[in-house]
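Right, one structure below, let's go through it.
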Amino acid sequence: MSDGYTATLSIAPEGKFPVRKGTAANPSAYQDAWAKLPVGVDRKAPLSNLYAQDMIDEIVGGLSTAKRWGVSEGQLGLASKIVNSQIINRLVREYIDGVRDASATVKALNEELAQIK
């Protein structure tokens, strides 16, 4: 999360957001570096050429206010198991594909998630 962090973000900056904004010496170092990383396939340009600074600040700022599932309840381990199970992804995808309606999807979610311990 320090040496090489910007290089890691540069692998796919449009899909990676700096969860660490900076260092003690430079509190916005990684946020600033991320905004300058080139994105694109055929044509590359820094994110700061594509987004206004207020939008970059908003994107990165969301990480400061986000609450991780289960942390405050002491259930981070269970929340991780739920996310890693892919149950939510699969059942929502099936709902979108018309496999079942919303009520049946909620019922299926509750039943399958209840099995995770």
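The criterion of being within 30 Å of G22 (Cα to Cα) and either aliphatic (A, V, I, L, M) or part of a helix (DSSP H, G or I) (or both) holds for G62. Residues in the range 99-117 that are part of a loop (DSSP other than H, G, I, E, B) and loosely packed, with under 14 Cβ neighbours inside 10 Å: V99, D101, Q115, I116, K117. Please indicate, with yes or no, whether at least one residue in the range 40-51 is out of contact with any Phe, Trp or Tyr (no Cβ under 9 Å at 6 or more places or on another chain) and under 30 Å from Q115 (Cα atoms). Checked the range 40-51: no residue is out of contact with any Phe, Trp or Tyr (no Cβ under 9 Å at 6 or more places or on another chain) and under 30 Å from Q115 (Cα atoms).
For the range 16-59, which residues satisfy the criterion of being surrounded by 15 or more Cβ atoms within 10 Å (Cβ to Cβ), among the aliphatic types (A, V, I, L, M) and not in a loop (DSSP other than H, G, I, E, B)? Within the range 16-59, A29, A33, A35, V39, L47, I56, I59 meet the criteria. Taken over the range 36-65, the criterion of being more than 19 Å from G4 (Cβ to Cβ), charged (D, E, K, R) and modelled with pLDDT of 85 or more is satisfied by D54 alone.
N26 is checked against (1) without any contact (Cβ under 8 Å) to a residue 12 or more places away in the chain; (2) more than 30 Å from E111 (Cα to Cα); (3) under 19 Å from the mean Cα position of the chain (by Cα) and fails just one. What number does that condition carry? That leaves (3) as the condition not met.
Residue check: A33 meets all listed conditions (1) at pLDDT 90 or above; (2) aliphatic (A, V, I, L, M); (3) out of contact with any Pro (no Cβ under 9 Å at 6 or more places or on another chain) but one, namely (3). If you check I87, I82, I96 for being loosely packed, with under 10 Cβ neighbours inside 10 Å, aliphatic (A, V, I, L, M), out of contact with any Pro (no Cβ under 9 Å at 6 or more places or on another chain) and not assigned by TED's automatic domain parsing to the domain that holds V19, only one passes: I96.
The values are calculated or read from the model by the stated rules, or taken from the named source; none is laboratory data. Worth saying up front: this structure is predicted, and the values here are computed from it rather than measured. Note that we place each Cβ from the backbone using ideal geometry, even for glycine, and neighbour counts take in every protein chain shown.
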